[in-house]
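The values are calculated or read from the model by the stated rules, or taken from the named source; none is laboratory data. Note that the structure is a prediction, hence the values are computed from the model and not measured. No Cβ is skipped: glycine too gets one built from the backbone with ideal geometry, and neighbour counts run over all protein chains shown.
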Amino acid sequence: MKNILREELERAWHSPRILLAMLLALAFMGYGFTTILDRSWVPAGYSFADLWFFVYVASDFPFILPLVAVLPFADSLAVDQSEGFLRYLVVRTNYRKYLTAKFLTNALITAVAVFLPLAGLYLFANIIAPRTTVPINSWAAQISGRPSGFMEPFFVAHPDGFILCVTLMAVFVGISYSSLGMAISLIYSNRYLVWGAPCAIYLMAHFVASKTHLFGPDWSPVSALYGNIAPPNLQSLASLFLNPLAVLLLAVAVVTVLGQRKRILR
């Protein structure tokens, strides 16, 4: 198991697509920062945490997260299948260990691709904005760069903890959707489907949850990342977990039902 995992990690690290995914995230964050370059409208007391959250939201990073998540490694299982490597690989090792190593590697690489750009934004915000958090009463929370709803007191009391929480939620959501993408390759081994299906499901889930009456806004994946997508009276702590947990369970179900060795190697 250790040898397989090491080989998969080396393969993932040497792929330029992990760098491409992080550069894509940073490019969007750079765009988000350009919206605040004219500091004349920024209220007094604007802190590092306000800057971090403002850029995070203005960059639309939560909407490109599934692409950042699936781009580095989620299609590797589909590539192994379509190019005939899978039969050779499972002769050398146990099929279950191979599949476990694939999903673990994918989760680790996804975590790196999502975490590092947000950590870089945190360092950047600390360099160019003051650490002091001053109450902003004359601006709407979303305009000023602060979350609304149940997350706002956490932001004001523990801005560093809030940033870490949102970053870890982004990692969790990214891992859920990249795992779903890899699981989809067990149904049909097409790398473009592996990339496109999780992104489509992500955006459709957000649309259905926030724009229709079928589900509440707590089911939106963007709610898990923004913490302020809905009015405070429509939001709850469940918004942080419902969608990514459901997607992760769906990925597990697909692997359990459709990931048997006999089916994949027939």
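Before we move on, is residue 179 modelled with pLDDT under 85 and part of a helix (DSSP H, G or I)? Judged against the criteria, residue 179 is not a match.
If the condition is being aliphatic (A, V, I, L, M) and modelled with pLDDT of 85 or more, then segment 188-215 contributes 193, 194, 197, 200, 201, 203, 204, 205, 208. Check whether at least one residue in segment 31-54 is at pLDDT 80 or above, closer than 24 Å to residue 174 by Cβ, touching a Leu at 6+ places or on another chain (Cβ under 7 Å) and not in a helix (DSSP H, G or I), and report yes or no. The answer is no, given that none of the residues of segment 31-54 is at pLDDT 80 or above, closer than 24 Å to residue 174 by Cβ, touching a Leu at 6+ places or on another chain (Cβ under 7 Å) and not in a helix (DSSP H, G or I). The condition of being in contact with a Pro (Cβ under 7 Å, 6 or more places away or on another chain), under 20 Å from residue 239 (Cβ atoms) and in contact (Cβ under 8 Å) with a residue 60 or more places away in the chain does not hold for residue 162.
Name the residues in segment 121-151 that are part of a helix (DSSP H, G or I) and either in contact with a Phe, Trp or Tyr (Cβ under 7 Å, 6 or more places away or on another chain) or modelled with pLDDT under 85 (or both), would you? Passing the criteria: 121, 122, 125, 126, 141, 142, 143, 144, 149, 150, 151.
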